[in-house]
Structures are given as C-alpha cells and as structure tokens.
1. Going by average Cβ neighbours within 10 Å, how do the peptides 275-288, 223-236, 40-53, 130-143 rank, with the highest at the top?
2. Taking θ = phi - 60°, what integer Hz values does the Karplus form 6.51 cos²θ - 1.76 cosθ + 1.60 yield along the range 109-118, in sequence order, with x for Gly and Pro?
3. Before rounding to the nearest 500, sum -39500 (n - 2.57) across all DSSP H runs of length at least 4 in the chain and divide by the residue total; then give [θ] at 222 nm in deg cm²/dmol.
4. Per residue Cα convex hull volume for the range 270-355, in cubic angstrom?
5. Two-decimal Rg/Rh of the range 68-180 from alpha-carbon positions, Kirkwood Rh?
6. Pairwise over distinct Cα atoms, reciprocal of the mean inverse distance: report the Kirkwood radius of the range 97-149 in Å, one decimal place.
7. Relative to the compact globular guide of 2.2 N^0.38 Å, what is the alpha carbon radius of gyration of the range 169-319, as a ratio?
8. Given H placed 1.01 Å from N in the peptide plane, which residues other than close sequence neighbours of G322 have an amide H under 5 Å from its amide H?
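The values are calculated or read from the model by the stated rules, or taken from the named source; none is laboratory data. Fair warning: this is a prediction, and the values are worked out from it, not measured in the lab. Ideal geometry is used to build each Cβ from the backbone, glycine not excepted, and the neighbour counts take in all protein chains shown. For accessibility, only protein heavy atoms count, side chains too; no ligands or nucleic acids. Shrake-Rupley method; radii C 1.70, N 1.55, O 1.52, S 1.80 Å.
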Amino acid sequence: MGLCAILWMMALIGLTAPSQADPGFDKFVRGFWPKAQAAGISAQTYNAVFTGMKPDDDTIRLMNKQSEFVKPIWEYLDSAVSDTRVEKGREMLREYGPVLKQIEARYGVDREAVLAIWGMETNYGGFMGRHNVIQALATLAYAAPRRKSFWQKELLTALAIVQAGHVRFNDMEGSWAGAMGHTQFMPSSWKAYAADYNGDGRRDIWTSIPDALASTANYLKKHGWQTGKTWGYEVKLPAGFDYHLADGDKTLTLGEWSRYGVRRSNGRGFPRPSDKGILVLPAGASGPAFLMLRNFYVIKRYNNATAYALAVGHLADRIIGGGPLAGDWSREHLPLTRSETAELQSLLNRHGFSVGAADGKIGPATRRGIRAYQKSRGMIPDGYASVVLLARLKLGS
C-alpha cells in the first residue's frame, strides 16, 4: 500500500470522530469501508461522503413507524388525481411536448403514462424528498431491523453513482428510503434503467427533467409496456354477476368479458376485443369495477399497489382529456386494518366459515370464507372485507 493510500486509510478510520451522537454508526461506517473498496469505491469518494455524517433521524423515525391506519382507495385517488394535479399535468404536457414526443418515439411508451408517474412520484418535481440519499441508505444499512443486505447494496450503488459524476453528493435528493430524483428511482433501478436523454454522458434524474422522463419510459419499456394500448377500462357488471370471476386470476379477452355482460362504463365498445384483461374490484361490489390490461401490471412494477397503478392510469387519462370515474365509492365500506382483519377471520372461523389462521392477511381462503358467509346471508358474495362486514359479524347476524 502506497503512502497516499495509507494516509487515506488513516483519515478514513477517524473520519466520523467529530460526531459523538451515535458511536455505533461511526463503527458501521468504518466497518463498511472494505465492502465499498471491494465494489470499486475510492477512499477519496468514501471519505468525502462520510466525513461528519450522522444517522438521519427522520429516516429512523419513519422506519420505525408502524401505522395501523389503512387509507381508503377513494381518499388516495382524491389526492393523487386531484384537479390541481390534472391541470398541472396538462401544463407539463404542453411545456415538454417536444421532449415527450421524442421519448415516446424512442421507447414506445405513451407520453401521458410517463407524465402521470412524474406527477404521482414528485408532483412534477415539486417535491423530490428532503433527504440525502446516501445518508438515508447508510442509516438504513446500519439501523434497519430487516433487509440489511438490500440496503447495503443500494448504498454501494449510490456511492458509485456519485463517484461516476452523475450527480454531486450534496444534490442527491430523495426519500427517507432512498428513492431518488424526479421519478423516484432506487439506486439499483437507476443503474439498470436510467437514460441519458441529451447525450451529455450523465444520467441525471435530479436536475435534468428529460433524463428523468426518458428513464421512466425506459423502465416501463423494459418491463413490457405495450405501445398505444391503455392500462384498463372502467366497466359495469350485470345483475347476478359471478363475483368469483373477480379474484384477480381470471384472464379473458375483452370479447369474452363482454359475453359475461361486462360493459364499459361510458357505453362504448372495447376498441380491441382481443386484448386480454383481468377484472379488479378495489372496493368489492361497493365501488367501481375495472378490466385491467397488461400495462396496468407494468405500472405495478413501479409500485406494487393496486391503488397506485390505478391512480397513475386514471391520471394519465385525465391529462389527455378523460373525465372522472363514472362509478361511486360507497365510502362507509372502509377497508380493515390488519388487526381488524384478524378479528374478522376469527369470527368467520367461529361461525363455521373456515379461513385458516387469523393472520390479518387477506388471501384466497379468507375471500372464500367471506363469500360463503355473504351468500348464506343473502349478500352480494364479492369477498370484500370491510368495516361494514366486520360489524355485521360482530352482531352475529
């Protein structure tokens, strides 16, 4: 080892000495150096980044926050697809029209979908997070009770991004969990999918909006986006519909769904009856119904939540002139918390509708039990767990 390297290592060993707030974190930083070095991170980069760093208190607070509250999907959509966000999206469509046109031609991903993800993730760049990504990831790699290897890998990738000059350390803004830039990529997603739209050699999703939008389009393309096709359709179900078809595992062509009496809410026909779809009822029979196509599940690769993907798809439609959802949500049918779900399962078991262990998770067995109970009571057997259903079970009716 040369003299310069020895000096760097000496500096590294004591680089967090000024911070006495958490000696365990200082020890983690020193102990993580061999992994960083093996991954190609220079002592110069490591020292510059970690000197004086303390754990991110807000990351620790949010990491430990275990909320029982479950936000109803209609409240989520009210916020995610607000009139303000729709109008802002239309402004961005006008402002970045030429860029989005080129991105759509290059990647085959519809511009409104890219815009909708930008709107959902950071409100079109209005809020990209107030955390330094490397500090947040270092805090998680040090303090998170689970997935330490995941956080360590993300931290190494973030260090490599800074070292390669794609973004300055101080400009690496993101969420408390390490999602970065205008469209909130984790470092590993940045590594795999980020794009250099303008050819300057940097994949800058923090300060270059074209790079960020191209990166999102590339992500969607690589996960199977079907060009020129929608995410799904809001539909109406006929009287006496068999709700077993809405379990999420029945894939039929739109023409076949039509033969079951499923129709678009706006009264129009399906433009491509050969497209395949899955029937999804986010709030059971008490809310709107949707036939979800391939692109819906591509959006879920960005965030694996039905509410998120529905919001992105609906926002995309609104940006290009679509109207509000036609169906109403019966807002008294609130979803259950995990503890309430476990109580529901226990009651179903007690009433003779076996659902297995009362683990607080809704799976096929619980849905079958709910349907059997609903059918025995003359209710619509949609298998949806709500506070209304739980209240009825508590009454023993």
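1. 130-143, 275-288, 223-236, 40-53
2. Taking θ as phi minus 60°, the curve returns 10, 4, 4, 5, 5, 4, 4, 5, 5, 4 Hz for the range 109-118.
3. -15000 deg cm²/dmol
4. 149 Å³
5. Radius of gyration over Kirkwood radius for the range 68-180 works out to 1.05.
6. For the range 97-149, inverting the mean 1/r across all distinct Cα pairs yields 13.7 Å.
7. Normalised Rg, Cα atoms only: 1.24.
8. Placed amide hydrogens put nothing under 5 Å from G322.
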